[in-house]
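Notes follow the structure.
The values are calculated or read from the model by the stated rules, or taken from the named source; none is laboratory data. It should be emphasised that the depicted structure is a prediction, and the values quoted were computed from it without experimental measurement. Every residue, glycine among them, receives a Cβ derived from its backbone with ideal geometry; neighbour counts consider all protein chains shown. Just so you know, the surface numbers come from the protein's heavy atoms only, side chains and all, with ligands and any DNA or RNA stripped out. Shrake-Rupley method; radii C 1.70, N 1.55, O 1.52, S 1.80 Å.
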Amino acid sequence: MKIRLLALFFMLCLFACQSTKEKETVIISSENSIRYATGLSIQKFNQYSVVTVSNPWPTAEKNYTYILHQNGVILPDSLKKFTKIQVPLQSIVVTSTTHIPALELLGVEKSLIGFPNTDYVSSPKTRALIDAKKVREIGTNQSLNTEVLLDMHPDVIIGFGVDGEKKTYDQLQQNGLKILYNGDWTEHHPLGRAEWIQLFGVLFGLEEKSDLVFRKIEKDYLDAVDLAKKADSKPTILSGAIYQDQWYLPQGKSWAAQFLENAQGDYLWNDSKGTGSLSLSFETVLEKAQNADFWIGPGQFTSFEQLEKANPNYSYFKAVQNKNVYSFSSKKGKTGGIIYYELASSRPDLVLKDLIKILHPKLLPEYELYFFEKLK
């Protein structure tokens, strides 16, 4: 009887030790490797990573956690309730053009097998894959073709949402497909958006490469910020344009406004507190910005003829009279996609250098504009 009780005691001790050990492995003690992005967390362990996306769209009410693991890894029980994705990926579907540059910067664009509305893709590399029928059309982001996606069965679909409507994604997930939400577009710091390349680095087992790529972009961006501080003036700036009788322009804490601030520009609505866009009357904008030195980002306009034809009142602005209006809408890909919308979030260093060149040309005498162009 004594021996049985002793054996039982040792078994209970062993079970307790194993349970404690298991709990210890479950504790997320690894530091988040993300430094600028507020909606992404990546915690790395020996054979798996815990990825948390906290703001995939502005009204998101919960976090999304994903366990990216190697083949054959036994995960702690407490992690098994989360979406599990085996890495490195062999195939992927992305749903926003902002995801394309990350694939190309890591050299894994050939893993892309589907995209919604492929005409929006501008990059020559990915366009060549589309033209070669290696990337299938999967409808539009609002109405994905579930039959095609189920037939392709990619390793993961990188989801993109604006308002939390995810009925199609839920349906795909119920049918066995893996959905991982990407919220790069909700970031407000220019380097925060670019840092989402680290997510793709973990997905493809290319963490070191993604870190090197991002650190180079980060260095170039910060170097450009320091260069702009040498400017001897701070030109006033107007942005946005009229849409359906309202003038929409970036709020003071938005991604676009931060670029202008870092380029040592005096954006006239820099004191507004929001991160989205303002909606103002033409008269309100004219009163404040009639004498602005530059107009940067005038909607879809690419020529002064288009601008003045759309609204003759635009001619009241000094920036129009002095031909100091710069747009990113004139530089397009083969099928009409605007390059800025696709690449700018991944290459904030190039956006900032463009703005410095426009506002303070003497600081970058040899630099040629990459995204922006003066209206013709």
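Please name which of PHE200, PRO116, GLN300 has its Cα lying farthest along the dipole of the chain towards the positive end, using unit charges on Cβ (Lys, Arg +1; Asp, Glu -1) and the Cα centre as origin.
Positive-end residue among those listed: PHE200.
Report the local net charge at ASP151: Lys and Arg +1, Asp and Glu -1, summed over other residues whose C-beta lies under 13 Å from its C-beta.
On the way: positive: ARG136; negative: GLU137, GLU147.
Neighbour charge sum, excluding ASP151 itself: -1.
Helix-only estimate, please: 222 nm mean residue ellipticity of the chain, summing -39500 (n - 2.57) across DSSP H runs of length 4 or more and dividing by its residues, to the nearest 500.
Details: 14 runs with 132 residues, N = 376.
After summing the helix terms and dividing by residue count, I get -10000 deg cm²/dmol.
Quick one: accessible area per residue over the chain, 1.4 Å probe, rounded to a whole number of Å²? Could you put the intermediate results ahead of the total?
Working: 19170 Å² over 376 residues.
Per residue, the chain has 51 Å² of solvent-accessible surface.
Give the angle, between 0 and 90 degrees and rounded to the nearest 10, that separates the Cα long axis of helix 348-359 from the longest principal axis of the Cα atoms of the chain.
With both axes taken from Cα atoms, the answer is about 10 degrees.
Treating the angle as unsigned and between 0 and 90°, give the value, to the nearest 10°, between the Cα long axis of helix 2-26 and the longest Cα principal axis of the chain.
Value to nearest ten degrees: 10.
At a 1.4 Å probe radius, which order do VAL213, VAL351 fall into by accessible area, largest first?
Working: VAL213 30, VAL351 0 Å².
Listed by decreasing accessible area, they come as VAL213, VAL351.
Which residues' amide hydrogens lie under 5 Å from the amide hydrogen of THR95, considering only partners 5 or more residues apart or on another chain, with H built in the peptide plane?
Amide H neighbours of THR95, under 5 Å, 5+ apart: ILE158.
Once the whole set of protein chains is in place, how much accessible area is left on ASP293, using a 1.4 Å probe, in Å² to the nearest 10?
50
Putting +1 on Lys and Arg Cβ atoms and -1 on Asp and Glu Cβ atoms, find which of TYR340, TYR316, TYR243 reaches farthest to the positive end of the dipole of the stretch 229-367.
Highest projection toward the positive end goes to TYR340.
Working from Cα positions, state the angle (0 to 90°, nearest 10) between the long axis of helix 207-228 and the longest principal axis of the chain.
30
For the cross-link pairs LYS234/LYS376; LYS288/LYS353; LYS44/LYS230; LYS62/LYS134, which exceed 30 Å when the distance is taken from alpha carbon to alpha carbon? Present the calculation step by step, with values, prior to reporting the outcome.
Values: LYS234/LYS376 25 Å; LYS288/LYS353 27 Å; LYS44/LYS230 40 Å; LYS62/LYS134 35 Å.
Pairs exceeding the cut-off: LYS44/LYS230; LYS62/LYS134.
With charges only on Cβ, +1 for K and R and -1 for D and E, what is the dipole size of the chain about its Cα centre, in debye, rounded to 20?
Values: 42 positive and 42 negative charges, 169 e Å.
Rounded to the nearest 20 debye, it is 820 debye.
Sum up the charges of everything whose Cβ sits under 9 Å from the Cβ of PRO235, counting Lys and Arg as +1 and Asp and Glu as -1, but leave PRO235 out. Intermediate results must be reported in sequence, preceding the final value.
Working: positive: LYS234; negative: ASP266, ASP293.
That works out to -1.
Mind checking the dipole of the stretch 216-271: about its Cα centre, +1 per Lys or Arg Cβ, -1 per Asp or Glu Cβ, Debye to the nearest 20?
Numbers: 6 positive and 9 negative charges, 22 e Å.
Dipole of the stretch 216-271, to the nearest 20 debye: 100 debye.
About its Cα centre, how strong a charge dipole does the stretch 223-376 have in debye, to the nearest 20, once Lys and Arg get +1 and Asp and Glu get -1 at the Cβ? Walk me through the numbers on the way to the answer.
Values: 18 positive and 18 negative charges, 48 e Å.
Taking the Cα centre of the stretch 223-376 as origin, the dipole is about 240 debye.
Rounded to the nearest 5, what % of DSSP beta bridges with both residues in the chain are antiparallel?
Numbers: 23 of 44 bridges.
Antiparallel: roughly 50 percent of the beta bridges in the chain.
Over the chain, what portion of Cα pair distances is larger than 29 Å, expressed as a whole percent?
Working: 35050 of 70500 pairs.
Above the 29 Å cut-off, the chain has 50 percent of its Cα pairs.
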